[in-house]
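A short worksheet on the structure shown next.
Read-outs: derived from the displayed coordinates by stated rules, not from any lab. Please read these numbers as outputs of a predicted model, since none were measured by experiment. Note: ideal-geometry Cβ built from the backbone for every residue, glycine included; neighbour counts use all protein chains shown.
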Amino acid sequence: MKNKIFIVIAAYNEENQIVKVIKGLKKEGYKDIILIDDCSLDKTYEKAKKEKIHLLKHEVNRGQGASLKTGIDYALQQNADIIVTFDADGQHNPGEIKRLIEPIKKKNVEVTLGSRFLGKSNVPFIKRFILKGGVFFTWIFSGIKLTDTHNGFRALSRKAAQNIEIKHDRMEHASEIIDQIAKKKIKYIEVPVTIKYSEYSKKKGQSVFNSINIVVKLILRKLAR
Amino acid sequence: MGIIEILIIIFACFALIKVVLKLKDKAISWREFGFWAVIWTALVALVLLRKRLGFLGELSGVDDPFKTVVILSIILLFYLMFRTFIKIDKVEQEITRLTREIAIKKVRKK
């Protein structure tokens with residue numbers, strides 16, 4: 001039985017990349033593409049409108065976590081069997097989606113997590129430092145030892161997508177997904193992926209300050225619950 | 001009585017008047033009025049009856065009853081800040097929920 005694969009892309013101010021990203025996915029044969037425009041201030045939505053995709057728009061900006069949750073919920077409504085989350089900034093290689101979904105198709109795991117440190121990515125030093133900090137933090141709070149904890153390139157089976165609850169709206173959602181995988185004992189593996197760093201994507205990436213902000217928010221949330 | 005104490009009394013009286021006016025305008029409930037009235041009245045009482053409230057200082061181990069109140073106020077403020085964070089977080093979650101529902105309802109299918 002053929003699996004229904006949906007690609008979910010959360011986009012915010014990606015008018016320069018979004019058409020290229022969508023066309024790249026279509027070239028690899030992925031027809032079911034869901035784009036969530038998180039109330040972009042530029043022409044992301046207008047440019048995406050011209051492509052034949054499922055297009056959703058947040059009326060107010062809520063963050064990548066909220067956007068992915070919107071996309072995942074919609075994908076489940078459309079009877080998706082496998083959901084792949086894919087970045088809108090052109091950092092991910094659509095040719096590697098096959099590698100991500102294969103273990104799920106074979107029913108070995110429910111979630112595959114992309115790791116740039118297992119693949120051939122040229123990670124800038126500061127970024128590497130921040131990400132390794134994220135790995136340590138995730139290990140402390142979730143008990144899971146991964147090589148890359150903040151990679152937006154991941155695939156979820158339908159069952160996992162239904163099971164994982166994303167409550168964090170912003171970038172903390174990445175840690176939250178891993179936390180859920182640990183708590184709900186969802187079977188997962190890490191898969192090597194390539195992250196393409198361009199001057200454009202480096203500018204859009206997480207700053208050290210924002211990374212500290214994410215950690216503070218996660219700690220406060222844990223105390224509040 | 002020092003200048004600071006006079007200023008505190010004036011400020012507390014001003015705050016109390018504001019609270020009464022808010023109640024008159026029905027901007028706050030009787031419960032909220034009661035809470036704030038007690039706070040501002042207690043502050044005035046603390047300043048005026050500082051010497052008689054010396055036992056408070058003995059109870060807490062801090063010399064001055066005024067210092068005791070300041071320390072307790074700081075603790076209370078931290079607690080209220082934490083509660084405010086939780087409330088804001090809940091409101092943010094609700095905004096997100098509504099935003100997501102609207103987005104799914106208005107989807108532009110391929």
How far apart, in nm, are the 7 Å Cα→Cβ label points at B:Ala27 and B:Arg83? 2.1 nm
The range A:72-124: C-alpha gyration tensor shape, a/c 1.5 cut-off, then a/b vs b/c: oblate
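What is the sum of charges, Lys and Arg at +1 and Asp and Glu at -1, for the other residues whose Cβ falls under 14 Å from the Cβ of B:Ile75? Let's see the in-between values first.
Numbers: positive: B:Lys67, B:Arg83; negative: none.
Once all neighbours under 14 Å are counted, the net charge is +2.
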Counting DSSP beta bridges with both partners in the protein assembly as shown, what percentage is antiparallel, nearest 5? 30 percent
Stretch B:Thr41-B:Val20 to full length: gain in nm at 0.36 nm per residue minus the Cα-Cα span? 6.3 nm
How far, in degrees from 0 to 90, does helix B:3-24 lean away from the longest principal axis of the Cα atoms of chain B, to the nearest 10? 40 degrees
How large is the Kirkwood hydrodynamic radius of the range A:1-132, counting all unique pairs of alpha carbons, in Å? 15.6 Å
Label point distance in nm, A:Lys196-B:Val70, each placed 7 Å from Cα along Cα→Cβ: 6.1 nm
Is the shape of the range A:95-180 best called rounded, prolate or oblate, per the rule: a/c under 1.5 gives rounded, else a/b larger than b/c gives prolate, else oblate, with a ≥ b ≥ c the square roots of the Cα gyration tensor eigenvalues? oblate
What is the sum of charges around A:Leu113, taking Lys and Arg as +1, Asp and Glu as -1, for the other residues whose C-beta is under 9 Å from the C-beta of A:Leu113? -1
Nitroxide proxy distance, nm - points 7 Å out along Cα→Cβ at B:Lys109 and B:Lys51: 8.4 nm
Find the relative contact order for chain B and round it to a whole percent, using C-alpha pairs within less than 8 Å whose residues are 6+ positions apart. 17 percent
Name all residues of the range A:74-108 having a backbone nitrogen under 14 Å from the label point set 7 Å from the Cα of A:Asn122 along its Cα→Cβ direction, giving them as ranges. none
What does the convex hull of the alpha-carbon atoms of the range A:46-108 project to on average, in nm²? 5.6 nm²
What does the range A:1-53 give for Rg and for Dmax, in Å, if only its C-alpha atoms count? 11.4, 42
Which value, in debye to the nearest 20, gives the size of the charge dipole of the range A:1-158 about its Cα centre, when Lys and Arg are +1 and Asp and Glu are -1 at the Cβ? 600 debye
Correct semi-axes for chain B, from √(5λ) of the alpha-carbon gyration tensor and rounded to whole Å with the largest first, are 44, 19, 10
Among the lysines, which have Cα under 17 Å from the Cα of B:Lys51 when same-chain residues fewer than 8 positions away are ignored? B:Lys67
Could you go through the range B:77-82 in sequence order and give the Karplus-derived ³J(HN,Hα) for each residue, using 6.51 cos²θ - 1.76 cosθ + 1.60 with θ = phi - 60°, rounded to whole Hz, and x for Gly and Pro? 4, 4, 5, 5, 4, 5
Amide H partners (placed H, <5 Å) of A:Val191, local residues excluded: A:Leu113, A:Gly114, A:Ser115
With a ≥ b ≥ c from the Cα gyration tensor eigenvalues, square-rooted, and the rule rounded for a/c under 1.5, otherwise prolate when a/b > b/c and oblate otherwise, chain A is rounded
